[in-house]
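This report refers to the structure that appears directly beneath it.
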Amino acid sequence: MSKEKVQIFDTTLRDGEQVPGCKLNTAQKLVIAKRLDELGVDVIEAGFPISSPGDFTSVEEISKVVKNATVCGLTRSVKKDIEVAAEAIRHAVRPRIHTGIGTSDSHIKYKFKSTREDIIERAVAAVKYAKTFVEDVEFYAEDAGRTDNEFLARVCEAVVKAGATVLNIPDTTGYCLPEEYGVKMKYLKENVKGIDKAILSCHCHNDLGLATANSIAGIVNGARQIECTINGIGERAGNTSLEEVVMVMRQHPTLNLDTNVNSKLLYSTSQMVSESMGMPVQPNKAIVGANAFAHSSGIHQDGVIKNRETYEIMDPADVGVTESAIVLTARSGRAALAYRAKKVGYNLTKLQLDEVYKEFLNFADRKKEVGDKDIHQIIEISKIDTKAIA
Ligand code: KIV
Ligand code: ZN
């Protein structure tokens, strides 16, 4: 049975680029947009066109070069924003306007100094106006994570009636628990009249480290789009990480869900985004971090050398990483040392390995990591007859 598709909406160039110090110029954005298209994402949120002339130009140029993905421009529920976004995406093969407004009591009271009824009116007016420019209009209910479900359902019903094709339910502040976010999606699926005319979308922030878990809870409960970024970059603690949600679906066939993403391009895309934004990837980052497929403790190394699956739940090649790494540290065992020594040309016998291992431990206690050059030095210090090495 073929799996149901979950759309991947990439917002690296909008929510991701909001990170201080991650600003990109148009040329850099074009390179990333082309790569995202090649990667197989369904939607590229190219920017917030009214925010600056530079962002307008980037969205306009991206719209011209992207061949497959929908190109989306963000707006507030403000006429001028919508007009400018429509202008910026006019060359896109598949244009989308992403408009919306805050729906939580906190946003209504403090940001808009308004009422719930007025917010619904503004939301509907924005969607109707956006529909005069493009067919595909996504609506976001900002701070939906802290919006009560009954009111959220009223907002959703009104904007679907006005023509919204996608309903974005952002956990803007990263507050929700996975179960709570899942229940929210289920509630909307069951209580919004006309919901079958729209796709529910997850947009989760990572303030409590739950963005990926919340997005997965969302799709398990009926959402069919995830908004995410490469390396999980984004406001504050970031957004849902694209590589994580894609691989969760790939590695869990029982979910019966999949994406159009070519996972073999994940690692190189992560590197490309990290380098152009000057934003290093944390070494322990799932899927794309330097240590994601590195093994350093003796017990794990012995297992992986015997069979990779003992300590790896996915094949590094599936995400574009060439091979698992056996890192030599003071916690490594003989199996790892023999394995790495063989790679640099020494096929040690058991007795030779015992000798070399003693020197290795002395060496490793003084160094964080033992490299290939160090192995040659250790063999030399061990005074074993290298000619006798097989
Ligand atoms: O986090 C959020 O609520 C957003 C919206 C603008 C979609 O980024
Ligand atoms: Zn966001």
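The values are calculated or read from the model by the stated rules, or taken from the named source; none is laboratory data. The structure displayed is predicted, hence computed values, not measured ones. Because the Cβ atoms are built from the backbone with ideal geometry, glycine has one as well, and the counts that use them run over all protein chains shown. Only protein heavy atoms, including side chains, enter the accessible area calculation; ligands, DNA and RNA are left aside. Shrake-Rupley method; radii C 1.70, N 1.55, O 1.52, S 1.80 Å.
When the chain is modelled as a GNM with alpha-carbon springs shorter than 10 Å, which of Glu60, Glu323, Glu45 fluctuates the most?
Glu323
Picking from Ile195, Thr310, Ala92, whose Cα lies most toward the positive end of the charge dipole for the chain (charges on Cβ: Lys, Arg +1; Asp, Glu -1)?
Sorting the options by dipole projection puts first Thr310.
Enumerate the residues in the range 334-368 having an amide nitrogen under 16 Å from the point lying 7 Å beyond the Cα of Tyr311 toward its Cβ.
So the set is 334-341.
So for Tyr339, Tyr140, what's the accessible-area order with a 1.4 Å probe, most first?
Output order, biggest surface exposure first: Tyr339, Tyr140.
Whole angstrom only: what separates the Cα centroid of the range 280-325 from the Cα centroid of the range 20-63?
Their Cα centres are 32 Å away from one another.
Just check the chain against the gyration tensor rule for me: Cα atoms, a ≥ b ≥ c as the square roots of the eigenvalues, rounded for a/c under 1.5, and otherwise prolate or oblate depending on whether a/b exceeds b/c.
prolate
Can you tell me the accessible area per residue over the range 1-105, all protein chains present, probe 1.4 angstrom, in square angstrom?
With the other protein chains kept in place, the range 1-105 gives 39 Å² per residue.
Give the accessible area for Glu275 in Å² (nearest 10); use a 1.4 Å probe, count only protein heavy atoms, and leave out ligands, DNA and RNA.
Answer for Glu275: close to 130 Å² accessible.
So which residue, out of Leu177, Leu200, Leu208, gets the largest mean-square fluctuation from a GNM of the chain using Cα contacts under 10 Å as springs?
Looking only at Leu177, Leu200, Leu208, the largest GNM fluctuation is found for Leu208.
How far is the Cα center of the range 105-168 from the Cα center of the range 210-238, in Å?
Measuring centre to centre over Cα atoms gives 20 Å.
Order 242-253, 280-291 from most to least packed using the mean count of other Cβ atoms within 10 Å.
Averaged packing, sorted descending, gives the order 242-253, 280-291.
Contour minus end-to-end for Asn25 and Lys111, with contour as 0.36 nm per residue of separation and end-to-end as the Cα-Cα distance?
Answer, rounded to one decimal: 27.9 nm.
Leaving out same-chain residues fewer than 8 places away, which lysines sit with a Cα under 17 Å from that of Lys67?
Lys29, Lys34
Taking the alpha-carbon distance from Lys79 and a cut-off under 21 Å, which lysines remain once sequence neighbours fewer than 8 residues away in the same chain are dropped?
Excluding near neighbours in sequence, the set is Lys111, Lys113, Lys128, Lys131, Lys161.
For the chain, modelled as a GNM with alpha-carbon contacts under 10 angstrom, which of Phe139, Phe112, Phe293 fluctuates the most?
Ranking Phe139, Phe112, Phe293 by mean-square fluctuation puts Phe112 first.
If Lys and Arg each add +1 and Asp and Glu each add -1, what is the summed charge of the other residues whose beta carbon sits under 12 Å from the beta carbon of Glu45?
For residues surrounding Glu45, the net value is -4.
Per the Kirkwood treatment, what hydrodynamic radius in Å, one decimal, follows for the range 294-388 from the mean inverse distance over all distinct Cα pairs?
13.8 Å
So for each of 21-33, 80-92 I average, over its residues, the number of other beta carbons within 10 Å; can you give me the resulting order with the highest mean first?
80-92, 21-33
Round to the nearest 10 and give me the degree value, 0 to 90, for the angle of helix 372-382's Cα axis relative to the longest principal axis of the chain.
Value to nearest ten degrees: 20.
With a point put 7 Å past each Cα toward its Cβ, work out how far Gln18 is from Phe133 in nm, to one decimal.
1.9 nm
In the calculated pair distance distribution of the range 100-166, what percentage of Cα-Cα distances lie above 17 Å?
Beyond 17 Å sits 33 percent of the P(r) for the range 100-166.
Send over the per residue convex hull volume for the range 1-96, Cα only, as a whole number of Å³.
106 Å³
Below 25 Å, Cα to Cα, which lysines can Lys350 reach? Residues fewer than 8 away in the same chain don't count.
Cross-link targets: Lys306, Lys342, Lys358, Lys367, Lys373, Lys383, Lys387.
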